[in-house]
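Undergrad: Below you will find the structure I want to go over with you.
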Amino acid sequence: MAESRSEEVKLLGMWVSPFSRRIEIALTLKGVPYEFSEQDITNKSSLLLQLNPVHKMIPVLVHNGKPISESLVILEYIDDTWPNNPILPQDPYDRAMARFWAKFVDQQIYVAAMKMVGKIGEERDAAVEATRDLLKLLEKELVGKDFLGGTSLGFVDIVATLVAFWLMRTDEIIGVKIVPVEMFPEIHRWVKNLLQNDVVKNCIPPEDEHLKYIKARMDSLKIKSV
Amino acid sequence: MAEKEEVKLLGIWASPFSRRIEMALKLKGIPYDYVEESLENKSPLLLALNPIHKKVPVLVHNGKPILESHVVLEYIDETWKHNPILPQDPFDRSKIRFFAKLVDEQIMNVGFTSMAKAEQKEREVLAEQTRELISYLEKELVGKDFFGGKSVGFLDLVAGSMIPFCMERGWEGMGLEVIKDDKFPEYKRWVKNLEKVEIVKDCIPPREKHIEHMNYMVKRIRSS
């Protein structure tokens, strides 16, 4: 049921933000053309402040002049508006499970992972341990599945790219291999599956540039990498 | 849909998260079996159904558990399609979801932290931050009886269970006036409207007992 009316879709985002990239993945999966506007959150544009006055954060999707903020809200909006290639499953129970896991990634895993940054010694080890405990739940979810969404990429996979291409790229700055393959074989297998998807591959920050950026940012914040 | 449905809700009388689910079930006329959980002494059933968070509410529908109050509300709306809680239009839905997150993520955090601080000055700073956040809700209510328009919807259930019928009771118990009449006329009007709605009235914790409970919780947090 893809509408062929004239649509104006704009995304205010950042090339390094997992929250912004997940929107790009969703739009691209659905074949929705959009205009991307790279934002500088250290120097917020008046457009961003006008479109997201409450949080003043990216991503913001603007559809025919109307702004939508908060990445999970945006993903649901995209699925509601362009029903082709659905991201969420059809069945209400499966949808509930997908929403639950997406919240788990953003409110549990992400929050725990942030606590690892800038820590050293025992504090660092405890934060890594806490993050791994949460990742073990994701590991369990992947047993017998190609993707968190089942046989194909879905809502939770798109959200959990945060784990695959952000959390798993912070080993150097944290000073430890956060997601070792011996401990997380399913997650590693899942990352390989993700990378075989052209949309995902093209919608994530290129690894070399990304790692350089992360390191430079940590250095500029004068955070020790152990 | 006249098939036999088994709906069970694990909740806590004082929890805004579980109360909002009761409101939704009543709004849709869905019969359910309520199981009161204890904060201190979680039942084996709760721990089995929600091993990850060990929290209420848990909705069990035909044996399958659904967790997280917003997820449960969306599930209820998608499963029982009459008396919809969410609007039909995608953009309207996105606004409701956005503000529901604001209530439970920002307003709740700042609001409860304002109660937990021992210093009066700190409390006032956080109360001011809470007011700023609530002013976004104030704007949304202009020209409407409820966030849902003419009748209660998703955001009324989320914000109603959390702010007037939970947080305000906490502030009242402490003698703190956060939401002032003259600054929040739309909010005050909305609360009066809510108080007239049967399903809301039936599903809010009893006032005095609730204020007492909030005082007890605040003392506990301050002493920890």
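Undergrad: In Å², nearest 100, what accessible area do chains B and A bury in total when the solvent probe is 1.4 Å? Please report the intermediate quantities before stating the final value.
TA: Numbers: alone 11820 and 11870 Å², together 21270 Å².
The contact between A and B buries close to 2400 Å².
Undergrad: Roughly how many Å² is the accessible area per residue of region A:92-225, as a whole number, for a 1.4 Å probe? Walk me through the numbers before you get to the answer.
TA: Working: 6520 Å² over 134 residues.
So region A:92-225 comes to 49 Å² accessible per residue, rounded to a whole number.
Undergrad: Give the residue from A:G65, A:Q39, A:I78 lying farthest towards the positive end of the charge dipole for region A:4-81; charges sit on Cβ (+1 for Lys and Arg, -1 for Asp and Glu) and the dipole is referred to the Cα centre.
TA: A:Q39
Undergrad: Over 20 Å between Cα atoms, which of A:K44/B:K183; B:K139/B:K183; A:K115/A:K140; A:K192/B:K64 qualify? Don't skip to the end; give the middle numbers.
TA: Details: A:K44/B:K183 29 Å; B:K139/B:K183 12 Å; A:K115/A:K140 23 Å; A:K192/B:K64 32 Å.
Where the Cα-Cα span goes over 20 Å, the pairs concerned are A:K44/B:K183; A:K115/A:K140; A:K192/B:K64.
Undergrad: Averaging sequence separations of C-alpha pairs under 8 Å and six or more residues apart, then dividing by the length of chain A, give the relative contact order as a whole percent. Before the final figure, lay out the partial values.
TA: Values: 257 pairs, mean separation 45.3, N = 226.
The normalised contact order for chain A reaches 20 percent.
Undergrad: Now for a separate question. Any idea what log10 I(q)/I(0) is at q = 0.07, 0.10, 0.11 Å⁻¹ for the protein assembly as shown, Debye with uniform C-alpha scatterers and no solvent?
TA: -0.38, -0.81, -0.99
Undergrad: Among the helices of chain B (complete DSSP H runs), which have Cα atoms covering no less than 18 Å along the helix axis and a Kyte-Doolittle mean of at least 1.6? Spell out each step's value before the answer.
TA: Working: long enough: B:120-140 (30 Å, -1.22); B:207-223 (24 Å, -1.37).
Helices passing the filter in chain B: none found.
Undergrad: Counting only other chains, and only Cβ atoms inside 10 Å, what mean value do you get across the residues of B:94-100? Write down the numbers at each step before the final one.
TA: Values: counts 14, 6, 1, 7, 11, 3, 1.
That works out to 6 on average.
Undergrad: While we're looking at this one, here's another question. Given an 8 Å cut-off on Cα distances and at least 6 residues of separation, report the relative contact order of region B:7-79 as a percent. It would help to have the intermediate numbers written out before the result.
TA: Details: 97 pairs, mean separation 27.1, N = 73.
In percent, rounded to a whole number, it is 37.
Undergrad: Right, another one. Please get the size of the charge dipole for region A:93-226, origin at its Cα centre, with Cβ charges of +1 on Lys and Arg and -1 on Asp and Glu, quoted in debye to the nearest 20. Each step should come with its number before you reach the end.
TA: Details: 20 positive and 20 negative charges, 54 e Å.
Dipole magnitude for region A:93-226 comes out near 260 debye.
Undergrad: Still on this structure, I have one more. Can you tell me the mean projection area, over all orientations, of the convex hull of region B:7-79's alpha carbons? Units nm², please.
TA: Working: hull surface 17.6 nm².
Computed as one quarter of the Cα hull surface, the answer is 4.4 nm².
Undergrad: Based on alpha-carbon centroids, what's the gap between region B:21-55 and region B:172-198 in Å, whole number please?
TA: 28 Å
Undergrad: Cα extents of region A:4-81 along the three principal axes, largest first, in whole Å?
TA: The principal-axis extents, from largest down, are 36, 23, 19 Å.
Undergrad: Which of the peptides B:36-49, B:15-28 is most tightly packed, and how do the rest follow, going by the mean number of other Cβ atoms within 10 Å of each residue?
TA: Working: B:36-49: 12.6, B:15-28: 23.0.
For the peptides B:36-49, B:15-28, the packing ranking is B:15-28, B:36-49.
Undergrad: When the dipole is taken about the Cα centre of chain A, and only Lys, Arg (+1) and Asp, Glu (-1) are charged at their Cβ, what size is it in debye, to the nearest 20? Show your work: numbers first, answer last.
TA: On the way: 28 positive and 32 negative charges, 94 e Å.
Dipole magnitude for chain A comes out near 460 debye.
Undergrad: Moving to a separate point now. Given a 1.4 angstrom probe, I'd like the percentage of the accessible area of region A:92-225 that is carbon and sulfur, rounded to a whole number. Walk me through the numbers before you get to the answer.
TA: Details: 3510 of 6520 Å².
Its accessible area is 54 percent carbon and sulfur atoms.
Undergrad: Kirkwood Rh, region B:74-224, all Cα pairs: how many Å?
TA: 16.2 Å
Undergrad: If you bin the C-alpha pair distances of region A:92-225 every 5 Å from 0, what whole percents do you get?
TA: With a bin width of 5 Å, the distribution comes to 2, 10, 20, 22, 21, 14, 7, 3, 1, 0.
Undergrad: Considering only protein heavy atoms, what per residue accessible area in square angstrom results for region B:89-188 with a 1.4 angstrom probe?
TA: Working: 4120 Å² over 100 residues.
Averaged over the residues of region B:89-188, the accessible area is 41 Å².
Undergrad: Let me ask another. Could you compute how fast region B:63-157 diffuses translationally, taking Rh as the Kirkwood radius over C-alpha pairs and applying Stokes-Einstein at 20 °C with viscosity 1.002 mPa s? Give it in µm² per second.
TA: 143 µm²/s
Undergrad: For region B:169-179, in order, what is each residue's ³J(HN,Hα) by Karplus, 6.51 cos²θ - 1.76 cosθ + 1.60 with θ = phi - 60°, in whole Hz (x at glycine and Pro)?
TA: Result, rounded to whole Hz: 5, x, 5, 4, x, 9, x, 9, 9, 8, 9.
Undergrad: Another one. Only helical DSSP H runs with n ≥ 4 go in: add -39500 (n - 2.57) per run for chain A, normalise by residue count and round the 222 nm mean residue ellipticity to 500 deg cm²/dmol. List each step's numbers first, then the result.
TA: On the way: 12 runs with 112 residues, N = 226.
For chain A, the value works out to -14000 deg cm²/dmol.
Undergrad: Using DSSP, restrict attention to beta bridges with both residues in the protein assembly as shown and report what percent are antiparallel, rounded to the nearest 5. Present the calculation step by step, with values, prior to reporting the outcome.
TA: Numbers: 18 of 26 bridges.
So the antiparallel bridges in the protein assembly as shown amount to around 70 percent.
Undergrad: Through the Karplus equation 6.51 cos²θ - 1.76 cosθ + 1.60, θ set to phi - 60°, convert the phi angles of region A:120-126 into ³J(HN,Hα) values in whole Hz; use x for Gly and Pro.
TA: Those phi angles translate into 10, x, 4, 4, 5, 4, 5 Hz.
Undergrad: Sticking with this one: Need one value for A:92-104: mean number of C-beta atoms belonging to other chains within 10 Å of its residues' C-beta atoms.
TA: Rounded to a whole number, the mean comes out at 6.
Undergrad: Looking at region B:8-117 only, what percent of DSSP beta bridges run antiparallel? Nearest 5 please.
TA: On the way: 7 of 11 bridges.
Of those bridges, close to 65 percent are antiparallel.
Undergrad: Tell me, what is the per residue accessible area of region B:7-79 in Å², probe radius 1.4 Å? Write out the running numbers ahead of the final one.
TA: Numbers: 2720 Å² over 73 residues.
Using a 1.4 Å probe on heavy atoms only, each residue of region B:7-79 averages 37 Å².
Undergrad: Also: Counting every Cα pair in chain A, what percent are over 32 Å apart? Walk me through the numbers on the way to the answer.
TA: On the way: 4888 of 25425 pairs.
Every Cα pair in chain A considered, those over 32 Å come to 19 percent.
Undergrad: Work out the mean other chain Cβ neighbour count within 10 Å for the residues of A:80-90 and drop it here as an integer. All intermediate terms of the calculation are to be shown ahead of the outcome.
TA: Details: counts 6, 5, 1, 0, 0, 0, 0, 0, 0, 0, 1.
Neighbouring Cβ atoms belonging to other protein chains average 1 per residue here.
Undergrad: State the Kirkwood hydrodynamic radius of region B:56-110 in Å, one decimal place, computed from all pairs of distinct Cα atoms. List each step's numbers first, then the result.
TA: Details: mean 1/r = 0.0800 Å⁻¹.
Kirkwood radius, region B:56-110: 12.5 Å.
Undergrad: Show me, for region A:55-70, the HN-Hα J-couplings you get by feeding each phi into the Karplus relation (A = 6.51, B = -1.76, C = 1.60, θ = phi - 60°), rounded to Hz, glycine and proline as x.
TA: With the stated coefficients, region A:55-70 comes to 9, 6, 10, 8, x, 10, 9, 10, 10, 6, x, 9, x, 10, 10, 6 Hz.
The values are calculated or read from the model by the stated rules, or taken from the named source; none is laboratory data. These numbers come from a predicted model, not from an experiment. Ideal geometry is used to build each Cβ from the backbone, glycine not excepted, and the neighbour counts take in all protein chains shown. The protein model used for the area step is the full one, side chains on, heavy atoms only, and it has no ligands, DNA or RNA in it. Shrake-Rupley method; radii C 1.70, N 1.55, O 1.52, S 1.80 Å.
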